[in-house]
1. For a Förster distance of 30 Å, can you work out the FRET efficiency between the beta-carbons of B:ASN156 and C:ARG57, rounded to the nearest 0.05?
2. From the phi angles alone, apply the Karplus equation (6.51, -1.76, 1.60; θ = phi - 60°) to the stretch C:83-90 and give each ³J(HN,Hα) in whole Hz, x where the residue is Gly or Pro.
3. Please give the FRET efficiency for C:GLU257 paired with A:PHE78, using the beta carbon to beta carbon distance and R0 = 41 Å, rounded to the nearest 0.05.
4. What number, in percent, do you get for the relative contact order of the stretch B:10-115 if the mean sequence gap of Cα pairs under 8 Å and at least 6 apart is divided by its residue count?
5. Pick out, from C:TRP605, C:GLY559, C:THR619, the residue whose Cα sits farthest towards the positive end of the charge dipole of the stretch C:559-624, with +1 on the Cβ of Lys and Arg and -1 on the Cβ of Asp and Glu.
6. List the longest stretch of chain C that has no exposed loop site; here a site is one of the GluC sites (Glu not before Pro) assigned by DSSP to anything other than H, G, I, E or B, with at most 10 other Cβ within 10 Å.
7. Over 18 Å between Cα atoms, which of B:LYS57/C:LYS246; B:LYS130/B:LYS276; C:LYS84/C:LYS378; A:LYS145/A:LYS258; B:LYS254/C:LYS348 qualify?
8. Give me the one-decimal nm value for the distance between modelled label points at C:THR604 and C:ARG581, 7 Å along each residue's Cα-to-Cβ direction.
Amino acid sequence: MATKLSAPFLVRHEFLLRRLHSLSGLVPVGAYMVVHLITNATIWSGAGTFQRAVNQIHSLGPVLPLVEWAFIFLPILFHGLYGIVIIRSGLPNNGSYSYFTNIRYTLQRASGLIAFLFIMWHVFHMHGWIHNSQWREFIEGIGGKFFPFNAATTATDAIQASFLIRAAYFVGVVACVFHLANGIWTMGITWGLWTTPEAQRKANCVAGSIGAVLLGIGLLAWAGFALRSSDSDAERALENKIIDARIEAGQITEGEAKHKRVPTEKKRSSADVGETVLGET
Amino acid sequence: MADTSSKPDHFEVRVLRQDGPQASSYWERHRVRYEPDMNVISVLQRIASQSQTVDGKEVSPVAWECNCLEEVCGACTMVVNGRVRQACTALVDRLMAEQESDIELQPMSKFPVQRDLVVERRRMFRGLEKSKAWVTVDTYGPMGAGPRISQTEQENNYPLSQCMSCGCCLEACPQYTKVELVQGDSESDDAFAERQDSTFDGEFVGAHAISQVMLFNGHPIAKNDANERLDSLMAPGGIQVCGNAQNCVAVCPKEIPLTTSIARAGRATTVRAITKFFG
Amino acid sequence: MPNQKVMIIGGGLAGLAAAMKLAELGVDVDLMSLTPVKRSHSVCAQGGINSVNKQTRLAGDNEWKHFDDTVYGGDFLNHQPPVKEMTEWAPRIIDLMDRLGVTFNRTTEGFLDHRRFGGTLYKRTAFAGATTGQQLLYVLDEQVRRWQSQGRVKVYESWDYLGPILADDGTCCGCVAQDLATMEIRSFSADAVVVASGGCGLIFGRSTMSMVCTGSAVSRSFQMGADYGNGEFIQVHPTAIPGADKLRLMSESARGEGGRVWVPSTPQDSRTPRSIPEAERYYFLEDRYPEYGNLVPRDIATREIFNICVNEGLSVEQGRQCVFLDLTHIERSELDRKLGGILEIYEKFQGVDPRDHPMKIFPAVHYSMGGLWVDYQKSGSGGLQWGSPQNQTTKIPGLYAIGECDYQYHGANRLGANSLLSCIFSGLLVAPSLVEWLKIVPKAAADQPSSLYEAARQERQVRHDKLLNRPSGGENPYLIHEELGDVLTKSATVVRRNPQLEEGIDKVLELKDRAAACSLSDTGNWTNQNVVFTKALQDMFPLALTVLRGALARDECRGAHFKPDFAMPSLKCEEPGERIREAEAWCDRFEGNVDKWLKSTIATWQGDDVELSYEEVDTSLIVPRPRLYGLVGADVIEEVWKERVAKRTDVEATTA
């Protein structure tokens, strides 16, 4: 049940909200996720390639937070929070009715919940949610571990920090991919793209294929950070070389770079962590 | 053919009973003599006539609803061995093959229990009213024949028109939840009915009503009211609540293509929403 | 008069048709039903609904021929003006149903498709798959819901009608009813009450009828002074699937497609049916009617199947009467193509595939032609005066009856696919008649003293309370019902013999006393189905006696009423001249029988038993003629009969 204050609004605009929820799952949330997973999978082409891909995104400069919030964070928050409202409106009954579609109904909700919690934590873990140096200092050690100009090394270090974190990322990626692929199928019904059982069966194959490909990419990306063994010092050196080159070329300023690269005093410690983890595996 | 030689002399039936609305429910065991060709209706008839539990305790007959016993009236819906179905087509031989120990009967869980296996399904008919599931004609006087309709159209519409409002689709739907109101001491019957209706209107209408909207919106004359019906589906408790679990179509005793109706209604409401927005 | 209201009892085709038409005419309607109206028994009708249509007209059909088929099928016991009016309205009724959205089957060009039914040469029957009754009921239900949403109709579902309330002058001014959930007994005031409660199949125990067809509403009106007509005419369908709970129809088309009816020559042979060799099977229909074989007319098939089980003891099963209807010799693919739908019904309810195992079938009580006596006003053209308050009124002024529970459309036997028509027709007919009645009602129900309503309510409350408070250890109502069903099925269904009927009456009178001494296993006051059933059971006896007494008194064969001891014989003489003389004698006897027995049986309730009287039948439009189907010498009799009629017409012409 929604809270008393929000109930009338949620009830009054139920159709619009549900359709927006359905739409937001595909665009921008789903679409962003696809791009994100593909970008991350480029880690296998080396830290340099990955760094260039990240730089592309970060070339937006000061507008980036605005874009992030408007097109990624807010839609995800809406999709996730309204998703919770939807989950609370139903009552799974797989015990009595173990049909395939009914299992998927429950899985869609379970995966949605997992994906939402995962994303909330993932953004915190990597990004820190807010670009504020005091905030970042405050959460140091548990969040905001990703430094865009040292993309490969900081991300790898963050994910390989423990078995739990690696596992969390695995579960998170799988949940996100299932949720999107299954969501594409249900979305087509909701909006009336596939209506007959035959059309729905075909759409199921399409959505399933999309899911399989996406799962491949997702797991590739996951493995790229969670399992890939690499020479982190060499990668860090490469990243720093790119930064220096960009400063020299005037593409970025020293000040900008300062926020987005690993602080000097931190360099060693994070490298140490990386080494320990690598030593374990 | 059912091999009667291996059948027991008697079998046991567990019934979830409830003495009245909001009363607590309890299980009761009955023993019924096996006869060939029995269905759950005849089992309940024997239980009523015995009025005695397996321990010999005198009890009132189990209350249940039924009428046609041919699976066309929709009255005898109940949860048999954990699955919603019509009691008249629930054959004892098949139930015993499904679950050997006993037969388990429960009332539908999505509607208020009136007594034992009798539930109050008025909300379904309110859904039909809300959806304007009828053809608006000028008069019942002699105005000549109706519109010509192709065989294909008839073949599409006939399955939808077989819906007998039994409620199976709603019982199995994870998005359809029970609404049970209690009449106030000083509340008149009419006031209570009105309060019920307005509460029902805000809750999910369910597959049966969505399918009826598609039936009428596919009729050459009834489609004059198509937009009103679609608007009712876009109102709170409308089609948007559907979670695509598709249990409805799996349990429908008449095999009505409910999920096709739902998807078609999804398409129609999409178009309706866009045209409404842009005028 | 302001605030006038009509109460309709029953929400099947007739009740709903009346409600929607009354609402259109601006009358406030209360509609009461034992079940949500969408679950009424009308849904069970499968076949279709008859009317003359464009296609049959091309083949020479017209309303008069439909009228003629109906009264011929009814063995001329139907009053002809209402039937004429009904058949004339039939095409308009189909049009209306079509406009209201019934999903009738279509021709390639998009017109209504029709099939041929028994008792006619024309394809008059419009149908919607195998669920025509359901489809018709649903559109009427929808229309009534539409009026309900506008506040014109108020529906009381799950209410049990306990009887009419009569004012001092004997006019009906409301009814008493009981809420099936709360058990509250309440008086309803109404300026007219319309009983549209359907048939009474449950007095025969199990039948093809639904569980609400107890006849209680009719019986309660009958006991308050409404007469009952033609009670002994009960239609039995030859092939039904016997079930532990009810008997379900098996369509005639199973025999039409080559199904063979047989029993093992050894009574209750324990071998599986397919292992019984041909030589040890008795194909009794093929044996006894080599010409027609398994496709003998319905009534003959019914009698033979009944006979072989009841009198010859050759039933397939020990404890239950049934014969085999065998399709297993026909290719599966052919069966699926031609009979798929109906075979699925058998499979669904019996759990046995009729393509592999012979079906077990037995005749079953199907329809009650008789019902509450109702009046009509004849028009100048021989039909009905539309809008006359006399139409469909029972003996009690202000109490009307329509649908299966009136007696006037089907005579001694109902034509297939005419029942849906008569229900909708009488519903539409009664509406304008009620409008006129409301104008002349002697005293508005609103002006009747409230003490009248309270007294009527109190009377029913006392009966109810008494029943609840009966000491335990008495008779079990469910077992008495079984016994009643057995007695009626044995003595008053297919074959009727006076000694059996007399015995049946004695047994029913005894059961009636025992039923009065029932003990309830539920003495509570919440959704007490036990007490509701017991009351319905007690009210079955007046109807059971009406059927039995009517059947005992009627010493002839007419339509569904078959008394072998009084059957018209076949011709025996072989010599042509002798044969003609014999045919003349046959026709004399036939005419004598018409003079004596072409009369409606009218039963009146006398407090503890029925009293019979007889009413002339209006045969002013079509002269009654013999039904000769299946009779030896039919051709000769027909010739002689035609000569007689021609002679008579000549005489009439000369005198005129």
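What follows is calculated from the coordinates using simple rules that are stated; it is not laboratory data. All of these numbers come straight from a predicted model, not from anything done at the bench. Using ideal geometry, Cβ is built from the backbone for each residue, glycine included, and neighbour counts are taken over all protein chains shown.
1. 0.50
2. With coefficients 6.51, -1.76 and 1.60, one gets 5, 4, 4, 4, 5, 6, 7, 3 Hz.
3. My answer for the efficiency is 0.10.
4. 31
5. C:GLY559
6. Segment C:332-573 is the longest.
7. The answer is B:LYS57/C:LYS246; B:LYS130/B:LYS276.
8. Reported label-point gap for C:THR604 and C:ARG581 is 4.8 nm.
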